[in-house]
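Comments concern the structure below.
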Amino acid sequence: MLQFLVKRLIGLIFVIVGITFITFIMGYLAPGDPIRAQMGDHFDYHTWLMLRHAYGLDLPWYQQYYNYLVHLAHLDFGISFKYQNRPVWDILKDGVPVSLELAFWGLIVELLLGIPVGILSAIRANSWIDTLNMGVALIIYALPPFVIAILAQVIIVWIDSKTGASWPSSSWGAPWQYDWADLQPKIVPILVYGAAGYAYFARLARTTMLEVLRQDYVRTARAKGLRERVVIYWHALRNALIPLVTVLGVAIGLLVAGTFFIEQIFNIPGIGRISLQSVIDLDYPVIQATVVLLAVGVVVGNLISDILYTIVDPRIRLE
Amino acid sequence: MSMDAHQRSSEAAGESFVKPDAGLQPPPAELLELAAGVSETPPLAVPPGEEELLQERRAPSPLRESLRRLRRDKRAMASLGLIIFFVLVAFFGPPIYQHIGGIYQSPQNGPVPASVYHSYYHEELIRQDEGPSAQYWLGTDDLGRDILARLMQGMLVSIIVATLVEVVDIVLGLIVGVLAGYFGGWIDQLLARFTDLMFAFPGLLFAIMLTGIIGPGASDALAKLPIIGPNGNGRLLLVSLALAITVWPLMARYVRGQTLQLKEQQFIEAARTSGSSNLRIIFRHIIPNLMSIVVVASTLNISNTIIGEAGISLLGLGVQAPGSSLGLMISDATPYINTHPWEILVPTTVLALIVLAFSFLGDGLRDAFDPRSKD
């Protein structure tokens, strides 16, 4: 167990260093001079030299990268190019709780809707419920998140125009506040955000549950006269959930990829939108910081799912 | 019928790639039916001309079997039909559409021929946000551009990007995957580390970064190329490149896994014993056997690629105006979602249909080539 975790941790550090290197080198090699771009018409050679020195851009690349890593280790993301004198963290800090909130509720939607629907489909395999569930899941899974988001928005606007209601179609409330005024705009984005993962979990839960229901121990449980409910919830379900734990990492990856579109389309002030804006502004320190944050999110998600796996399936620990 | 012949033919039917030696007697009818899926009784005596036909019935190749399964999959065939329709529209639609309709007397631009007002970039500013009409079949957008013309151009862009990405994906994935699977060693290690990295690094994030950072410079540089031209399509190559970099490790991983399995099989050993070089084994025996997995993986990947291009253009980092792309159309229409939802619904629906068609076709291909994978 310990050996397994240590191995995973080493792999994790390798991945994070690799990611920081890729983001750093892309910013370093990018055409165009960010300082010059920010100065615009107020170009002045002396100030340019001074700013270059202040940002450490006159150093060789390996020294720049080293400095960058050292600062990163102190959780210092540097200073924004666009908003001078403003630390990157200052720009990000309002977005982090918003994105975390979105991801948290998105994951809840995926798990609490997806798994029961998948299990239901497996129990009633090949009935109309199963066909309907899996048809919907198949379509939702195949569609990109932004298509679902736009269709949801069109429907909101259409209902608003028909009924005269004013359901918000693109805004966000205060993070982690759940008065009706704060909650109302969050409902649709969270549902849309969780949709892809919902479909993924529903399909997977159905497959694993069907697999488990074919096992000998389920037949034995039925043969000794246990009630169907006990067989399903006590014997089958617990084993069907094991493979689902391992794909939590995949689900978190889906969530991170969805961030950009959901936040852009629903006008949510999270990390995804800040990241996108920084790409448009060519604000490299902010780009690097958001990429590292999102990638760390994915990697930590994978690690958590690995740890959960060793807990639910003791056989892994023996390796 | 002797016991021996019976056994031999049942082997032939069970493992369809085994070529039956020129048997003197035809195998039993029920086995033939199983193998070929036909319910005709085979002729007992074989006329010389029909020998080939019999051979076919005896040993349908795995490919033939798979294609037969695919043809029976209604969803996959409908998707294939839809894809062919979209491709035809994207390639032949614009030239036909530009020849339909007479000269339009524009109060703003003077007389305008159909080849201009049915082009994807012409702006007829006094004809904004119109519904479908005889002149503009799917209406106009907020700048008075023909939605149908922009839609067809957007589909063309999706097809071009998907093709470029798949070419890189297949070439790189095959080369690296086969080398890693066949020889192992450092190249395998390198591939494993690299795929780990690319899996942790969300592919879309990488593509967004690459197009965002290099994009502005690249579109100026690429605008000089003849085919791309100055029409805002300069970033197409860049978007394709960015997407290709993010997808090929997955292909390489599939190919590597399959190569590892193939390598242990007896026909490879036989080839090696008979003195074939590694190169010959790879080209004659391994790569032909990888084709089904490559076809399935790349079809499934096409829908991701089309989503990726549309997404990047939607975020404003892909194709630039006056060029057109499904994602760009969606993003252009977003501010008018309250007043003219039609403009956003059209590209969104077409994109959804294309994506669904490719993933259904991919699922169908997978089921056809590997029936065990069906859940």
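The values are calculated or read from the model by the stated rules, or taken from the named source; none is laboratory data. These numbers come from a predicted model, not from an experiment. Note that each Cβ is placed from the backbone with ideal geometry, even for glycine, and that neighbours are counted across all protein chains shown. Note: areas computed on protein heavy atoms with side chains; ligands, DNA, RNA excluded. Shrake-Rupley method; radii C 1.70, N 1.55, O 1.52, S 1.80 Å.
How about the stretch B:75-149: which GluC sites (Glu not before Pro) there are in a DSSP loop, with at most 10 other Cβ atoms within 10 Å of their Cβ? Walk me through the numbers before you get to the answer.
Working: sites: B:E123, B:E124, B:E130; in loops: B:E123, B:E124, B:E130.
Listed in order of number, the matching sites amount to none.
Judged by the mean number of other Cβ atoms found within 10 Å, the most tightly packed of the peptides B:270-278, B:73-81, B:243-251 leads the ranking B:243-251, B:73-81, B:270-278.
Over all residues in A:257-265, what is the mean tally of Cβ atoms on other chains that come within 10 Å of each residue's Cβ? Numbers along the way, then the final one.
Numbers: counts 7, 2, 3, 8, 4, 0, 0, 6, 6.
What the average comes to for A:257-265 is 4.
For B:A114 and B:V171, the difference between the fully extended length at 0.36 nm per residue and the C-alpha to C-alpha distance is 16.3 nm. Once both labels are positioned 7 Å from their Cα atoms along Cα-to-Cβ, the gap between A:T207 and A:I242 label points is 1.7 nm. Across chain A, Cα pairs under 8 Å and at least six residues apart give a relative contact order of 26 percent. What's the percent breakdown of Cα-Cα distances in the stretch A:168-280 across 10 Å bins, shortest bin first? Histogram of Cα-Cα distances, whole percents per bin: 13, 29, 23, 18, 12, 5, 0. Between A:E228, A:E263, A:E101, the Gaussian network model of chain A with springs among Cα atoms under 10 angstrom shows the greatest mean-square fluctuation at A:E228. Taken as Cα centroids, the stretch B:112-126 and the stretch A:99-157 sit 42 Å apart, rounded to the nearest whole angstrom. Solvent exposure of the protein assembly as shown amounts to 50 Å² per residue of accessible area, where only protein heavy atoms count and the probe is 1.4 Å. What is the calculated FRET efficiency for B:I100 to B:T163, with r their C-beta to C-beta distance and R₀ = 35 Å, to the nearest 0.05? Taking R0 as 35 Å, the efficiency between B:I100 and B:T163 is 0.80. Amide H contacts of A:I79: A:V88, each under 5 Å away and 5 or more positions distant or on a separate chain (H built 1.01 Å from N in the peptide plane; Pro and chain starts excluded).
As a rough guide to protection, the peptides B:145-152, A:232-239, B:131-138 ranked by mean Cβ packing within 10 Å, highest first, stand as B:145-152, A:232-239, B:131-138.
Which trypsin sites (Lys or Arg not before Pro) in the stretch A:138-219 pass both tests, a DSSP loop state and at most 12 other beta-carbon atoms within 10 Å? Don't skip to the answer; put the middle values down first.
Numbers: sites: A:K162, A:K186, A:R203, A:R206, A:R214, A:R219; in loops: A:R214.
Here the sparse-neighbourhood loop sites are A:R214.
Mean partner shielding of peptide B:331-340, defined as the number of other chain Cβ atoms within 10 Å of each residue Cβ, is 3. Averaged over peptide A:151-160, the number of partner chain Cβ atoms lying within 10 Å of each residue's Cβ comes to 3. A simple packing score, the average count of other Cβ atoms within 10 Å per residue, orders the peptides A:67-74, B:287-294 as B:287-294, A:67-74, with the highest score first.
The simple Förster model, with R0 at 41 Å and r as the Cβ-Cβ distance, assigns A:Q215 and B:R71 a FRET efficiency of 0.70.
Tell me the mean residue ellipticity at 222 nm calculated for chain A from its helices only (DSSP H runs of n ≥ 4, each -39500 (n - 2.57), averaged over every residue, nearest 500). If you can, show how the numbers build up before the last one.
Details: 15 runs with 230 residues, N = 319.
That comes out to -23500 deg cm²/dmol.
Tell me, how many Å apart are the Cα centres for the stretch B:127-154 and for the stretch A:186-209? After rounding, the separation between the Cα centres reads 36 Å.
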